[in-house]
Amino acid sequence: MRVPPLTICEKAVILEALRSGKRFDFRSLEEFRDVKLVVGSEVGTAICTIGNTKVMAAVSAQIAEPSSMRPNKGVINIDVDLSPMANVANEHDRLGSKGMELIRLLELIIRDSRCIDVESLCIRAGSEIWKVRVDVRILDEDGSLLDCACLAAITALQHFKRPNVSLEAHHTLIYSEYEKAPVPLNIYHMPICTTIGLLDKGQMVVIDPTEKEAACLDGSIVVACNKRREVCALHQSTNLVLTTKQIERCVKLAMARAEALTAVVSSIIKEDRQERSAFKRPDGFAITTPSLILTTGTAASRQIKAPVTKREPESSQRSLYQPSVIINENPLSVGSVKQEEVDEDELLAEQLTTIQNSVGQVAVTDNQNTVMSNRKREVEEVNNLLEGLDDSEEEEEIQTMTLGPSEPVVNTKMVVEEEAPPIGLVKRKKKK
Amino acid sequence: MFLKCITHLYLNQLILHYLLFHGNNHVNVSDMSIYLPGDVINEPSSSDSSIIGYGINLRGDKRLVTQPGALRSEEGKVWLSVHSKRYIPQEGDRVIGIVTSKTGDFFRLDIGTAEYAMINFTNFEGATKRNRPNLKTGDIIYATVFDSTPRTEAELTCVDDEKRARGMGQLNGGYMFKVSILKLDMDCYLYFVQVSLNHCRRLISPSCKILLTLGNFFKFEITVGMNGRIWINASTTDDIIKIHDILVKSELVTDEDELIAMVQNNYTRSV
């Protein structure tokens, strides 16, 4: 497919507006669009949107053999996919010039700026290293694609935790997340990209241009820098000749942006870590789905807006969703809970407390202790929940409610509904 | 199983869309039945509804649905109102096309379909063999589809049967856009709804108050193509920006008071 060509009248109006400092989205020339950043419930995933641009990044790691040139260094691979979903001009599984530019720049910013400590990804020099893979998926395109992709990738890398390993004499042990806490990557700094459009041979700058604006502009410059005011990458998309002053101005703008966004990323990561350490299951991308689809309700035919059904208060929602989540997550809860293990844990805990008491003021900082108490807590939680589930299931009645008035829905052949009520539309109601 | 779920979700989405976006249409939602591709229309149609419209195919004497949508019927005509973004050319539709190239006697136009559309240079008012219309790549014209045979390029014309333009032809100046991306800004985020053709149809329907309300505040020209493109022109760029904003955002607004408030708000707003 092709993108509809830019018309003469569009270009004229957009340029006229830009020259007089106006934009079609009511921004000023030096104003950024809103950035929205969400980390997933799975570690190492993030979605970032800047205006209508939307990118998802996912990080994964596997053990591989290092190259003979760098036997003690981990590898970071970046994979970009520009799907036709984002822009009709994109072809499936083919990057094209735009995709190549994007992937090269991402490699430059994330890998070549050495923001990630690759030495710590080495397990056994010369034979085993961690190979970290960053998958970047472009979901929607509307200008500043590199900014969005870079931010998503950096957030995902910050969010990611690789499994813990221990070295034995002849083999390596990889622990699951329940045995030993996973290890986050060592990230020295966060390079943040800023796209700055150039107008009138660089005399005017248009910050964060949308796709249409970018098509009318003379070119753009991308500055990647971190909050320590270091420039990590500088890329100019067209061959405009810029003066040092112009470039300095762009870099200054980018630095202010980098500081602000670094704070956003760190606060999101911190919040997520806190939730996880408190054994809360983070919402993840669930909050990106509108409650409009999640909850059910009827709408009058003349209702102006989407029927805004209020989300149920947090507590009740959690109790609805938690059982299934924990069952999937915790291997202990599969089948019946082993009573012996609980007893063992209790015994151990008792022993530890006695030891602690005897030692007095000296704090016991044994890993085993925390792991065990964690496990105990988990087991208790699951027990409680399972009991709750068994009781409630008898009382519960699954009600499927369809959107819209009931009559026309019944008229159309909806055999599907009885067989497979989709999860999003099923609402469980407790009858008391 | 999976597919069924998807279909089900899709159906619900469809109903939802109709509830949301067809609020002020003449069709009453509770009387509406929604069909999916592959369904056969069994409803007893009014007497001899021999004219079959968009989204329905005849297979023997069965009326087979080819597009998902709501069934509409009127005086012996049956068609499906389909909620789509992609325009499929139909004879008699007025569309806005972008000139992409010139080949021999034809101009090649982009009207948002899979194939390019063609227009002969003689199909302009006052055009003769010597006096050809002067169109450049990137110009836009407002034209009627007069031949839309499947699997061929659609052919357009800028004159009616009497060789009169009647508003058709090149659109000079102004700003053209496609109503395509609309953000539902509620308690949720990162959610986009793309609706275009519907909004265009709604804008030009006589019962729609959007343009009338806009006209009370702004002085502007507008051309709405059935292919989802809208061209507007006003005396200042500010006005163009404001009108553009209202037209894009008015998609979900069916309440008149809310609409007036929105227009008023944009009118006093500084760009």
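Rule-based calculations on the coordinates, nothing more; no lab input. Predicted, not measured: the structure shown is a model, and the values here were computed from it. Neighbour counts are summed over all protein chains in view; Cβ atoms, including those assigned to glycine, are modelled from backbone coordinates with ideal geometry.
General remarks:
- Relative to the current alpha-carbon distance between A:E31 and A:M85, full extension at 0.36 nm per residue lengthens the span by 16.7 nm.
- Prolate/oblate/rounded call for the stretch A:1-158, Cα gyration tensor, a/c under 1.5 rounded: prolate
- Residue exposure proxy: A:R114, B:R202, ordered by other Cβ atoms within 10 angstrom of their Cβ from fewest to most, comes out as A:R114, B:R202.
- Across peptide A:12-23, the mean count of Cβ atoms from other chains lying within 10 Å of each residue's own Cβ comes to 4.
- Counted charge near A:V118, where neighbours are those whose Cβ lies closer than 9 Å (Asp, Glu -1; Lys, Arg +1): +2
- Cβ-derived FRET efficiency at R0 60 Å, B:N265 paired with A:E119, nearest 0.05: 0.55
- Convex hull per residue volume in Å³, alpha carbons only, for the stretch B:94-171: 86
- Semi-axes of the equivalent ellipsoid of the stretch B:197-250 are 18, 12, 9 Å, computed as sqrt(5λ) over the eigenvalues of the C-alpha gyration tensor in descending order.
- Here's the picture: a label point sits 7 Å out from the Cα of A:E168 along the beta-carbon direction, and within the stretch A:108-147 the residues with their amide nitrogen under 20 Å of it are A:123-125, A:127-130.
- Net charge dipole, the stretch A:82-215: roughly 380 debye, given to the nearest 20, about the Cα centre with Cβ charges of +1 for Lys and Arg and -1 for Asp and Glu.
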